[in-house]
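Shown next, in structure tokens, is the structure this report addresses.
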């Protein structure tokens, strides 16, 4: 039975989550991991309602006013393709086969991502039935899965995970390695892009202070290729970091008897 304190905590958590979704729609992808921890169907329904209501009302009003803009700029928004992960290979390996793979993934990758997030949520729910799992770890895992499978990317997306990984880094060495690798990649990218010889032009607030060589090099094939090469180690580590979380979950389920012990990954 839910106590008054628990109800109050759930309501406050739902309000803060609703503000996050209202400000930036991507936390919606992590909503299932929160819902797993809410006990009882009625409480889950209330939590979902409070979490989604501000977002649904605001988007509903905007859809009624400018449906085309909301569809293309919000619902269909995926970041810039070709700058990260599976859609970045053609910028370095300019072969027809690479272009075919990149174009194919760009067209179906978001659907595969949603399917993978749904599967991960179900797996996490199964884990929650056996033992109380870490919500922090699940949120980090969900964002890592988005990073690994997303078809578009913006450099600012790395801010999604940074506060959560900083918290986890006190007890998790893989989180510390992630912070070091991400910091190095971002420092190099922000300092040297578009690799025209100047330092820090990309982060200048006044575009008039940028040199002509900056505009000649920015978003050029060379700029895209070098940026992707710098990002590949970080993208690869996102997958490895996610794998360590899955391995731990798999071990927990095996210990609880939900999986055959011989299948536990070392």
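If you go through segment 117-152 and keep only what is touching a strand residue (DSSP E or B) at 6+ places or on another chain (Cβ under 7 Å) and either modelled with pLDDT under 90 or surrounded by fewer than 20 Cβ atoms within 10 Å (Cβ to Cβ) (or both), you end up with just 152.
For segment 3-51, the candidate set comprises residues that are outside any helix (DSSP H, G or I) and within 23 Å of the chain's Cα centre (by Cα); within that set, the residue that is surrounded by the fewest Cβ atoms within 10 Å (Cβ to Cβ) is 24. Note on segment 190-201: residues that are surrounded by fewer than 18 Cβ atoms within 10 Å (Cβ to Cβ) and outside any loop (DSSP other than H, G, I, E, B) amount to 2. In the condition set (1) outside any loop (DSSP other than H, G, I, E, B); (2) without any contact (Cβ under 8 Å) to a residue 24 or more places away in the chain; (3) crowded, with 17+ Cβ neighbours inside 10 Å, residue 228 is compliant with all but (2).
Each residue in segment 71-91 was checked for being within 18 Å of residue 238 (Cα to Cα) and out of contact with any strand residue (DSSP E or B) (no Cβ under 9 Å at 6 or more places or on another chain), and 2 of them qualify. With respect to the conditions (1) under 19 Å from residue 152 (Cα atoms); (2) in contact with a helix residue (DSSP H, G or I) (Cβ under 7 Å, 6 or more places away or on another chain), residue 210 lacks only one, and its number is (1). Of all the numbered requirements in (1) closer than 28 Å to residue 151 by Cα; (2) over 18 Å from the mean Cα position of the chain (by Cα); (3) in contact (Cβ under 8 Å) with a residue 24 or more places away in the chain; (4) surrounded by 17 or more Cβ atoms within 10 Å (Cβ to Cβ), residue 54 misses one, and that requirement is (4). The test for being over 30 Å from residue 107 (Cβ atoms), part of a loop (DSSP other than H, G, I, E, B) and touching a helix residue (DSSP H, G or I) at 6+ places or on another chain (Cβ under 8 Å) does not hold for residue 132. From the list 144, 112, 74, 122, the lone residue that is closer than 25 Å to residue 172 by Cα, touching a residue at least 12 places away in the same chain (Cβ under 8 Å) and in a helix (DSSP H, G or I) is 144. Residues of segment 161-181 that are under 14 Å from the mean Cα position of the chain (by Cα) and either farther than 23 Å from residue 117 by Cα or surrounded by fewer than 20 Cβ atoms within 10 Å (Cβ to Cβ) (or both): 162, 163, 164. Looking at segment 99-110, is at least one residue out of contact with any helix residue (DSSP H, G or I) (no Cβ under 6 Å at 6 or more places or on another chain) and closer than 20 Å to residue 247 by Cα? Scanning segment 99-110, I find no residue that is out of contact with any helix residue (DSSP H, G or I) (no Cβ under 6 Å at 6 or more places or on another chain) and closer than 20 Å to residue 247 by Cα, so the answer is no.
Checking each residue in segment 204-219 for being surrounded by 10 or more Cβ atoms within 10 Å (Cβ to Cβ) and on the phi < 0 side of the Ramachandran plot picks out 204, 210, 211, 213, 214, 215, 216, 217, 218.
The values are calculated or read from the model by the stated rules, or taken from the named source; none is laboratory data. Not measured: the values here are computed from a predicted model. Backbone-built Cβ (ideal geometry, glycine too); neighbour counts: all protein chains shown.
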